[in-house]
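Okay, so here's the structure we're looking at.
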Amino acid sequence: MKTEEIEVLFKLSDAEEAKFADFIKENRAKWISSPKENARKATENNKALVGGLLSSGKISEAIIYLREYSYQEYLKEESIFNGIILKEISKKFEVPRKILDKLSDSLFALEIKSKKAFRSSLVEIFGNYSGAISPYIYQLCLSNTQSRRSRAGKTFEGIIYFLYEYFGYSFNSQAQIGRKVFSNLGLGKIVDSVLPGVEAFNERRDKTIIGSMKTTLRERWQEVVEEVSRSNIPNIYLLTVDDDISENKAIQMGNHNIVLVVLNTIKSQEHLKQKRSIIDFESYFLEEIPTMLKYWSK
């Protein structure tokens, strides 16, 4: 069947687009794991490397690999997710179902005996169907692109939470207990987590680790400065994998009670290695957090 013989979609109606967006969102939540779960899978599937790095205290290197492997795990799930969405389109949406019915009838009516001829006709059918439902495919691709962009920061955050659990460190995050609880404590959306938890924060906020995570800093670190000032907290740990940190920026953050947590390759740079307000992930996970937790274990 030729393309001109079937109904071809050029644009989805507003109602259909909204319905399809909800369908994508519902299935994305069902089939795509959380960033923290992706980090767990990445560690499980690369146990020899990642587990070896963590057990030997090479946290920075483990974070680098976990970001790469977590993204690979995400892409695997996205591929399965795409297949499910494309398969379900013809079942859940009327126009694609009618198009596929016509194409199926056309293929069936040919009564092809030759495997080569059948394959050729099948390829043509697939091509015609894909072209006919291209607005749905476009919306799916657009959703995937937006999801990947928003996931970059969440992946780093998920890795950190996974590492907290890996080392057995108790914590509360906004994602875990809700923004309202943090807001009631006077903490804004910039604060991502509190170790060992919000109850400890209520008792002795100066004996807790208040954390914010940003994949890259740019000028957004100034939001953290505002948060420290607004919420009247003694300091905040800003975790990042940014590799472009100038001396001037480091000094400014230190002056505003920000403890910057970076990869060990960044901390070892000449202009940063003597700055006490900057620590590497090794110091953060293996010294700073255990020291703080000792206070609460007494």
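Hey, what's the Kirkwood Rh for the stretch 235-280 if you take every pair of different alpha carbons, in angstrom?
One decimal place: 10.2 Å for the Kirkwood radius.
Can you give the helix-only mean residue ellipticity at 222 nm for the chain, where every DSSP H stretch with n ≥ 4 adds -39500 (n - 2.57) and the sum goes over all residues, rounded to the nearest 500 deg cm²/dmol?
The helix contribution divided over the chain gives -19500 deg cm²/dmol.
Which loop-located chymotrypsin sites (Phe, Trp or Tyr not before Pro) does the stretch 1-109 contain, where loop means any DSSP state but H, G, I, E or B and the Cβ has at most 15 other Cβ atoms within 10 Å?
Of the chymotrypsin sites (Phe, Trp or Tyr not before Pro), the ones in loops of the stretch 1-109 whose Cβ has at most 15 other Cβ atoms within 10 Å are PHE10.
Based on the mean of other Cβ atoms within 10 Å per residue, sort peptides 152-162, 39-49 so the most packed one is first.
Working: 152-162: 21.6, 39-49: 17.2.
My ranking of the peptides, most packed first, is 152-162, 39-49.
Return the lysines within reach of LYS275: Cα separation strictly under 16 angstrom, same-chain partners fewer than 8 residues apart disregarded; answer none if there are no such residues.
LYS249, LYS267
Taking Cα atoms, how many degrees apart are the long axis of helix 115-132 and the longest axis of the chain, rounded to 10 and kept between 0 and 90?
60
Principal axis lengths of the stretch 43-114 from Cα atoms, whole Å, largest first?
65, 32, 14
Cα-Cα over 31 Å: which of LYS91/LYS116; LYS11/LYS113; LYS76/LYS180?
LYS11/LYS113; LYS76/LYS180
Given LYS273/LYS298; LYS19/LYS115; LYS30/LYS92, which pairs have Cα atoms separated by over 28 Å?
Exceeds cut-off: LYS273/LYS298; LYS19/LYS115.
Any idea of the accessible area per residue across the chain, 1.4 Å probe, to the nearest Å²?
55
For the chain, with all protein chains present and a 1.4 Å probe, just round the carbon and sulfur fraction of the accessible area to a whole percent.
50
Return the Rg/Rh value of the chain, two decimal places, where both radii are evaluated on C-alpha atoms and Rh is the Kirkwood radius.
Over the Cα atoms of the chain, Rg/Rh equals 1.13.
Which angle between 0 and 90 degrees, to the nearest 10, do you get for helix 59-92 versus the longest principal axis of the chain when only C-alpha atoms count?
So the helix axis and the longest Cα principal axis differ by about 30 degrees.
For the stretch 144-230, what does the alpha-carbon gyration tensor say about shape, rounded, prolate or oblate, given a ≥ b ≥ c as the root eigenvalues, a/c under 1.5 as rounded, and a/b over b/c as prolate?
oblate
I'd like to know which of ALA29, VAL50, PHE171 lies farthest towards the positive end of the charge dipole of the stretch 25-175, counting +1 on Cβ of Lys and Arg and -1 on Cβ of Asp and Glu.
Result: ALA29.
The values are calculated or read from the model by the stated rules, or taken from the named source; none is laboratory data. All of these numbers come straight from a predicted model, not from anything done at the bench. Counting neighbours? That spans all protein chains shown, and the Cβs are built from the backbone with ideal geometry, glycine included. Accessible surface is based on the protein model in full, side chains and every heavy atom, while ligands, DNA and RNA are left aside. Shrake-Rupley method; radii C 1.70, N 1.55, O 1.52, S 1.80 Å.
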